[in-house]
Amino acid sequence: MPGPAVRRCGFTLIELLVTTAIIAILVSLLLPAVMAVRETSRRSQCRNNLRQIGVAIASYHDTFAMLPAGCVNPRGPIAKRPAGFHHSWTWAILPHLDQTAAARQLDQNLGAYDPANRPVAGLALPVLFCPSDMSGKTSIDRVMRGAGLTNFAGVHHPVEAPIDTNNHGSFYVNSFLRSEEIADGMSSTIGVGEIIRDPTDLGWVSGTRATLRNAGSSLNPKGTPRRPYANDPATIVEPDPTIESGTLVETFPLEPTEVEEEKKPVEDEGMLLRPPAPAMAVNADYSVGGFASEHSGGAQFLMLDGACRFISQSLSPGMLEQLADRADGGASVEF
């Protein structure tokens with residue numbers, strides 16, 4: 001007599017496939033939401049870092065009655081080579097970023113690339129990073145063998161041009177601008193914006209394209225030039241043979257009060273309104289580039305009054321240039 005039938009429990013192949021499909025659909029629906037939440041958090045942290053930089057710049061301004069210079073150097077233009085004095089505005093605000101110990105270890109009498117300054121120049125300071133910039137980027141520059149990079153750069157000019165003493169932005173060679181020299185107003189002028197860390201840059205100590213950019217490029221992606229420049233030898237800046245190697249032999253005072261004595265009491269071009277800056281062709285060593293971020297749709301910027309604004313990449317090029325120029329006479333724009 002046959003025994004009782006045994007009932008086997010389990011999933012059929014069809015049931016397993018249906019269950020797997022349902023789980024896959026739920027994950028595909030949930031993953032974008034998780035990624036969006038993470039990006040929102042990263043963007044918030046990036047904004048907080050930018051706000052800290054704004055507070056540091058304001059503190060520097062309160063102390064010295066002027067903005068830090070974008071680059072301290074005996075003269076311009078500035079090449080993107082590790083040779084020269086090249087003290088950056090980021091270096092200048094270190095004590096106001098709660099980095100007093102780092103500031104004290106940097107020798108202000110030596111150039112940014114002097115071996116004595118490299119231990120501090122190689123620090124990866126979290127306040128200088130955007131958490132969204134993680135796609136294969138390192139925080140250390142390979143060219144300088146350990147220079148710390150940054151995601152934030154000051155505005156040196158409205159369009160592509162070499163970093164020099166006559167730029168129209170707010171941070172350029174030996175600028176040290178007073179608030180009254182920002183003719184368009186602090187609340188209507190961009191001071192600092194986001195960039196994507198580039199391992200070929202020279203680090204946050206360097207007043208080159210590593211910490212200075214212009215508004216003559218599209219915001220995203222990669223800050224590529226918005227318009228071509230003619231290869232005109234008459235407008236190409238040739239390399240300066242006096243800064244080919246090492247630090248400069250001549251010394252240059254870093255204290256803003258000493259530099260201010262060498263400036264004119266009030267620069268005419270800093271007080272008077274002027275027509276928009278023309279674009280020009282530049283030697284590759286002197287090309288600068290623009291702002292960019294890993295955020296979708298645009299990049300975050302710091303106005304000179306300390307306000308943080310997210311600027312859409314769809315903003316017209318003319319408006320971005322207008323916001324970058326400290327004295328073009330343009331009316332305040334909504335963005």
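The set of residues in the range 288-318 being part of a loop (DSSP other than H, G, I, E, B) and either at pLDDT below 90 or over 28 Å from M66 (Cα atoms) (or both) consists of S293, E294, H295, S296, G297, Q313, S314, L315, S316. Residues that are at pLDDT 95 or above, buried (at least 21 other Cβ atoms within 10 Å of the Cβ) and of a type in the set (V, I, T) number at least 2 in the following strands (runs of 3 or more DSSP E) confined to the range 118-237: 190-194.
Quick check, is A69 aliphatic (A, V, I, L, M) and not in a loop (DSSP other than H, G, I, E, B)? So A69 fails the test.
Between R47, R104, R42, R38, which is touching a Phe, Trp or Tyr at 6+ places or on another chain (Cβ under 9 Å) and in a helix (DSSP H, G or I)?
R47
What are the residue pairs meeting all of these: first residue in the range 54-72, first residue of a type in the set (F, W, Y), second residue in a helix (DSSP H, G or I) and modelled with pLDDT of 95 or more, Cβ atoms under 9 Å, and 6 or more apart or on different chains? Correct list of pairs: Y60/W89; Y60/A92; Y60/P95; Y60/H96.
Can you confirm whether T40 is farther than 30 Å from L125 by Cβ, at pLDDT 75 or above, out of contact with any helix residue (DSSP H, G or I) (no Cβ under 8 Å at 6 or more places or on another chain) and not charged (D, E, K, R)? No.
The values are calculated or read from the model by the stated rules, or taken from the named source; none is laboratory data. Keep in mind that this is a model prediction, so the values were computed, not measured. Neighbour counts are summed over all protein chains in view; Cβ atoms, including those assigned to glycine, are modelled from backbone coordinates with ideal geometry.
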